[in-house]
1. For segment 111-122, what does the Karplus curve 6.51 cos²θ - 1.76 cosθ + 1.60, with θ = phi - 60°, yield as ³J(HN,Hα) per residue in whole Hz, taken in order and with x for Gly and Pro?
2. Out of residues 5 or more away from His46 or on other chains, whose amide H comes under 5 Å of its own, with H placed 1.01 Å from N in the peptide plane?
3. Would you pull out the residues with amide H under 5 Å of Gly57's amide H, same chain only if 5 or more places away, H placed 1.01 Å from N?
4. Report the rotationally averaged projected area of segment 1-95 based on its alpha-carbon convex hull, in square nanometres.
5. So what is log10(I(q)/I(0)) for the chain at q = 0.14, 0.16 1/Å, when the Debye sum runs over its Cα atoms only?
6. Under the 0.36 nm per residue contour assumption, what length would be gained going from the current alpha-carbon distance of Val167 and Ile203 to full extension?
7. Taking Cα pairs under 8 Å and at least six residues apart, what relative contact order does segment 1-147 come out at, in percent?
8. For segment 158-214, report the translational diffusion coefficient in µm²/s to the nearest whole number, using Stokes-Einstein at 25 °C, 0.890 mPa s, and a Kirkwood Rh over Cα pairs.
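Rule-based calculations on the coordinates, nothing more; no lab input. It should be emphasised that the depicted structure is a prediction, and the values quoted were computed from it without experimental measurement. All Cβ positions, glycine included, derive from the backbone under ideal geometry; neighbour counts span all protein chains shown.
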Amino acid sequence: MPRARIGELELSFETDGAGEPLLLVMGLGGDHHGWDLVRRDLARRHRLVLLDNRDAGASDAARGPYGTGEMATDALGVMDHLGIERFHVAGASMGGAIAQHLALQAPTRVATMTLVSTWGRTDAFLRAVFASWRRMAEKLAPEDLLAALAPWAFTYRFLESPAPEVVALQAALRERGGLQSVPAYQRQVDACLGHDTQALLPILRTPTLVLVGEDDILTPPRYGRGVAATLARAEVVVVPASGHACFLETPKAVTERLLRFLSRHPIGA
């Protein structure tokens with residue numbers, strides 16, 4: 001994978017497709033392969049930049065604590081490295097938190113923002129969940145941790161009859177070794193614990209699509225609606241019969257809604 005030096009770290013990324021650039025930012029502990037089920041259809045219309053965040057995938061481990069704002073600076077640095085001035089961004093879960101900071105840091109460069117299964121401020125409920133995951137990472141083997149997180153990511157429908165494509169992705173993740181390390185995962189958890197853009201978002205005028213899984217139990221639709229309510233140009237779309245990882249559970253529905261939104265907001269408009 002190509003790598004870009006951003007400050008003290010080297011970050012890995014892939015590019016794919018052609019068209020207006022679309023930066024894809026994955027969530028907690030995940031790497032760019034999390035987008036595999038939507039990648040092909042998106043790449044038919046857009047030049048994709050698929051990033052491995054610091055402390056995930058093939059990117060470097062961080063040298064200390066950080067927040068979602070620093071991760072946004074990483075992502076912006078990768079776009080600078082590629083010479084991409086203006087672009088769309090889509091982020092899932094923690095990736096959506098990063099995307100919010102990215103739009104705040106570079107409002108003239110982010111043409112649109114798509115926030116998938118994300119939140120604007122870490123409240124008491126999310127703090128309790130993330131804190132429990134932080135402790136679980138110390139006690140469980142990586143494979144057991146991923147199994148314990150599955151009910152938070154997927155609906156009961158999926159767990160009863162998992163899609164073969166997702167099972168293959170999960171197997172590949174286990175083969176790659178899962179998480180980079182326990183400290184790396186915990187640093188990303190700490191970034192999630194500290195995330196709070198709620199008071200800053202009203203200054204944005206970025207066209208925004210907020211996608212929420214109908215049956216998401218980690219970030220239920222109220223979180224997406226809360227973010228959208230603070231933004232001047234946001235629309236909320238509920239993805240039926242899907243959970244937190246709707247881009248894996250119902251990839252076709254997510255792709256269709258994202259492409260429809262992007263077609264209405266071309267960069268040159």
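1. With coefficients 6.51, -1.76 and 1.60, one gets 6, 9, 10, 10, 10, 10, 6, 10, 8, x, 9, 6 Hz.
2. For His46, whose amide H was placed from the backbone, the distant partners under 5 Å are Ala18.
3. Amide H to amide H, under 5 Å and 5 or more residues apart or across chains, Gly57 pairs with Gln180.
4. Working: hull surface 21.9 nm².
So the Cα hull casts an average projection of 5.5 nm².
5. Treating every Cα as an identical point scatterer, log10 I(q)/I(0) equals -0.92, -1.27.
6. Additional length available on full extension: 8.8 nm.
7. 22
8. Result for D is 159 µm²/s.
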